[in-house]
1. Take the solvent-accessible surface of the protein heavy atoms, probe 1.4 Å, and return the percent of it on the chain that carbon and sulfur atoms account for.
2. Between I148 and E64, with labels modelled 7 Å along Cα→Cβ, what's the label distance in nm to one decimal, could you check?
3. Find the centroid of the Cα atoms in region 178-195 and in region 39-72, then give the distance between the two in whole Å.
4. Using a/c under 1.5 as the rounded threshold, could you call region 104-191 rounded, prolate or oblate? The axes a ≥ b ≥ c are square roots of the C-alpha gyration tensor eigenvalues, and prolate needs a/b larger than b/c, oblate otherwise.
5. Taking a cut-off of 21 Å between Cα atoms, list the lysines near K31, but don't count ones fewer than 8 places away on the same chain.
6. Rounded if a/c is under 1.5, else prolate if a/b beats b/c, else oblate: with a ≥ b ≥ c from the C-alpha gyration tensor eigenvalues square-rooted, which is the chain?
7. Net charge near E44: determine it from the other residues with C-beta under 11 Å of the C-beta of E44, scoring Lys and Arg +1 and Asp and Glu -1.
8. What shape does region 206-299 have by the C-alpha gyration tensor, where a ≥ b ≥ c are the square roots of the eigenvalues, rounded means a/c under 1.5, and otherwise prolate means a/b greater than b/c and oblate the rest?
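The values are calculated or read from the model by the stated rules, or taken from the named source; none is laboratory data. This one's a predicted model, so the numbers in the text were calculated from it and none came from an experiment. Ideal geometry is used to build each Cβ from the backbone, glycine not excepted, and the neighbour counts take in all protein chains shown. Areas reflect the complete protein model, heavy atoms only, side chains present, ligands, DNA and RNA absent. Shrake-Rupley method; radii C 1.70, N 1.55, O 1.52, S 1.80 Å.
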Amino acid sequence: MKTRDRLRIAVQKSGRLSDASQQLLAQCGLKFRQSRDKLFCFGETHPVDLLLVRDDDIPGLISEGVCDLGFVGRNVLEELRLEQVALTGSSVLQELRALGYGGCRLSIATPQDELFEGAQSLSGRRIATSYPRLLARYLASEGVTAQIVVLSGSVEIAPRLGSADVICDLVSSGATLVANQLKESVKILDSEAVLAASTTEFLDARQPMLDLLLRRLDGVMAVRETRLLLMRAKRSALDSVRSSLPRHSTTTVMAVQGEDDQLALQTVVSGTFGWAELEAIQLAGATQLLVLPVERMLA
Ligand code: PRT
Ligand code: ZN
């Protein structure tokens, strides 16, 4: 393997993952200068450069060693990994981290007016997809034989055009399926953006840079779902407010100068914390509730 002193990361040039990927790198403290052709970004703060490409090219660029890492959908990574295993018996591609954005699922969708009674309903049918290897793996695991029709796009219209009976495609809101008189019948893969890499180790300056990047990514991900919650409560309501807070949260209780019956509370909450959770705390007696994002945390 060639030695290099800069890490090269492939990121989607324009599409669903582009903004979130660039934002994540910025949150890790990496800054880049874009070249005039807008295909290459030189890392100004660290020895890390970006290559802006089509998402489908990312796993291939990593396995060829052109790039060291990539931010790509698990669906794209897994499909190529399975293809390499089928063709050569092995693959160097691996998923280092799940990144928490670009969430979707690869699902089999069938006509709305058709009864779906499990995988056996797919037997002998024509299934259109852009993910033949992932679909074949699912069918094999269910012991079902079907005909896979490979399409590179607009898979959802295949049943209407008559080129397939059923489809296997990415779904997020499900609106596209509904618009095409299809229903999601079985999920075969949960997907999101992931950090992809080769299993080949770096024996040069790229390894310490990768370690640093992983530590920062883990730090950013750890606080992503974390919020600081500030509120007031009457002394008499303290117990009830406390018991309405998410379990495992440590709460700091402070006296409010000049207002003897008032307390100020502060706590860190993580996980899903939306309107319903906030309203429950208000109902328990809290007032002046404030939810603030947490940028960094050092315990
Ligand atoms: O140009 P390039 O090749 O780079 O981009 P692309 O057009 O191939 O990819 P892009 O930007 O559409 O998607 C990049 C990645 O985003 C995918 O590989 C997935 O990992 C992820 N992702 C998340 C999705 C969706 N959500 C999604 N909804 N990719 C595609 N879709 C499609 C879906 O198939 C449906 O046709 O979007 C349509 C709308 O979805 P509904 O269910 O919300 O209606
Ligand atoms: Zn693509």
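1. 50 percent
2. Result: 2.3 nm between the two label points.
3. 27 Å
4. Details: a/c = 1.29, a/b = 1.20, b/c = 1.07.
Taking the square roots of the gyration eigenvalues as a ≥ b ≥ c, region 104-191 is rounded.
5. Here the lysines satisfying the reach criterion relative to K31 are K13.
6. On the way: a/c = 2.73, a/b = 1.37, b/c = 2.00.
Oblate.
7. Working: positive: K31, R33; negative: D49.
Residues near E44 contribute +1 overall.
8. On the way: a/c = 3.54, a/b = 2.40, b/c = 1.47.
Prolate is the answer for region 206-299, as a/c is 1.5 or above and a/b outweighs b/c.
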